1. Taking the Cα atoms only, what angle lies between the long axis of helix 196-208 and the longest principal axis of the chain, rounded to 10 degrees?
2. I'd like the orientation of helix 343-358 relative to the chain: the angle between its Cα long axis and the longest Cα principal axis, in ° from 0 to 90, rounded to 10.
3. So with the 1.4 Å probe, I'd like the accessible area per residue for the chain, rounded to whole Å².
4. For the range 20-265, with equal point scatterers placed on the C-alpha atoms only and solvent neglected, what are the log10 I(q)/I(0) values from the Debye formula at q = 0.10, 0.14, 0.16 1/Å, to two decimals?
5. Can you send over the carbon and sulfur percentage of the accessible area for the chain, probe radius 1.4 Å, protein chains only?
6. Taking amide H atoms as placed 1.01 Å from N in the peptide plane, list the residues 5 or more away in sequence, or in a different chain, whose amide H sits under 5 Å from that of residue 306.
7. Provide the per-residue ³J(HN,Hα) series for the range 381-391, in order, calculated from phi with Karplus coefficients 6.51, -1.76, 1.60 and θ = phi - 60°, each as a whole number of Hz, with x at glycine and proline positions.
8. Compute the label zone of residue 373 within the range 32-58: residues whose backbone N is under 14 Å from the point 7 Å along Cα-to-Cβ.
Amino acid sequence: MTITHPASTDEATAFSPGRLFIDGVWREASDGGRTDIIAPATGQKITDVARATVQDVDDAVAAARRAFDSGIWSGLSSRERARILQRAYDLIRERSEDLAQAESIDVGKPIMLARVVDVNNAAELYEYYASLGHHLDGEVREITADAHAFVTNEPYGVVAAITPFNFPLILSSSKIAPALIAGNTIVHKPAGETPLSALLIADILHEAGVPAGVFNVVTGSGATIGDHLVGHPDVDKVAFTGSTEIGAHAAALAGQTRKPFTAELGGNAANILFADADLDTAIHTIISAFVFNAGQFCMAGPRLLVERPLYETVLGILEQAVPHVPFGDITDPDTVIGPLASRVQLEKVRDMVDRARAAGARVVTGGAPVPRDGGFFYAPTVLADVAADAEIVIEEVFGPVLTVQPFDTEDEAIALANGTRYGLASGIQTSDLAKAHRVARRLHAGITWVNGWAILDPAISFGGVKDSGWGREGGPEAMASYQKSHSIVINLAQGVGR
Ligand code: NAP
């Protein structure tokens, strides 16, 4: 792993990829505990990092609380904060290869994906929210009383930002950048398995000029420190991305401690292929929608719904094409599909596919782990003849697995698409624009792509409905979720200020 250590003469603040970042200082866990970090491509240890304790969480929250209450960050003008975020953008660009290498080895992402998707998107999130910092205006409201009424948008205070293993850099950036520009301070807990890019970002934010205590990182196990962080009385808001089950647990805890909570949870999107679509383009979209990030993408398209006349044709094309998607060596710039991020994830995917096969699914291609260098590889898999209520269809697989179901009518396609407890993303492949509009409005999802997939941008929000959560990331919507409105009414009739 090649990580550049910036020159520093101060031992405490010199960058260390394996320590906690609390109050502007790199330090060990209070009990000295460490966690091994495993490379998914080889199953071998890459490095180890500090394993935060409840005491460390208390210290991080206390640092964030002090920093917030001091006004060292919230008291800056939003334009001053924007300049610092813009500097962070520049530093991410300067250190893009370090970030890409860390993300690739830690998550098992093909290096090209880490460079083109993860690092670029993360950088652009800082740039975008820096730009919003130039327009953080309140609003004057016309009211009937003889008074001057206006609404300001204020930061909540201390934000706990909790992220999952699959897109550590993008998902941390999509919380950190809007929370910071709004004036909050942060305690960030990345996924226990994939913490490396969060530590690089801490170093970058420090170098960019984010004051001590404003951004803190605690690496460690959610099972040990998660509840403590979410329920902490000095945390004012929780932003959570992860599984529906842990999200529901954390939301309940936040509710008990009366905190606003945004939840970006699981997904299981349907991709509807109508017979009038441009088939060549659609096939490319269908494949990339389910193999992207080895299927470990909350907005992946693992459920393909095909208008019946095309059903067997599409299965035949997928059978031929999918095995040719470049697979394996994550250091090869041509590789598209790498390993799953952990042995646990590999076993989960393997077991779900095995159960689907036992229940009668037809394996069109794939259907098994691929032994390779000790890594957690699973062959890209297409399954046909699956029941609409089969586990493999209605539950989130989070691996490179596509189920294919036929439909006869638009209504049936919509019913199948909406037939799971999730509602994060969806897709429609058609050349009929009126149909695209009609169907898109009836899909239960926070985002719908027509004739494409995963077209994302910091300016576009996404998020879930139903069991996929209720937060929004991206766009002004995400920034608003880190602000509380404050109405101020100045009674002019009583002579205030006279
Ligand atoms: P996860 O197991 O729910 O973990 C998410 C985060 O929560 C991790 O940092 C985890 O820490 C932490 N955590 C665990 N127990 C906790 C507790 N009791 N209190 C607070 N935090 C706790 O999810 P994952 O397996 O990492 O990620 C995959 C899931 O995330 C999938 O369901 C995927 O769809 C979803 N996801 C959703 C979005 C979206 O935008 N909607 C985006 C990406 C992923 P540890 O890692 O240390 O356990």
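The values are calculated or read from the model by the stated rules, or taken from the named source; none is laboratory data. Quick caveat: nothing in here was measured; it's all calculated off a predicted structure. Because the Cβ atoms are built from the backbone with ideal geometry, glycine has one as well, and the counts that use them run over all protein chains shown. To get the accessible areas, we keep the full protein, side chains included, count just its heavy atoms, and leave off ligands, DNA and RNA. Shrake-Rupley method; radii C 1.70, N 1.55, O 1.52, S 1.80 Å.
1. On a 0 to 90 degree scale, this one is about 30.
2. 40
3. On the way: 19200 Å² over 498 residues.
Accessible area per residue, the chain: 39 Å².
4. Values, matching the q order: -0.46, -0.88, -1.15.
5. On the way: 10190 of 19200 Å².
Exposed carbon and sulfur together represent 53 percent of the surface.
6. 273, 405, 407
7. With coefficients 6.51, -1.76 and 1.60, one gets 10, 10, 10, 10, 6, 9, 6, 4, 9, 5, 3 Hz.
8. 39-46
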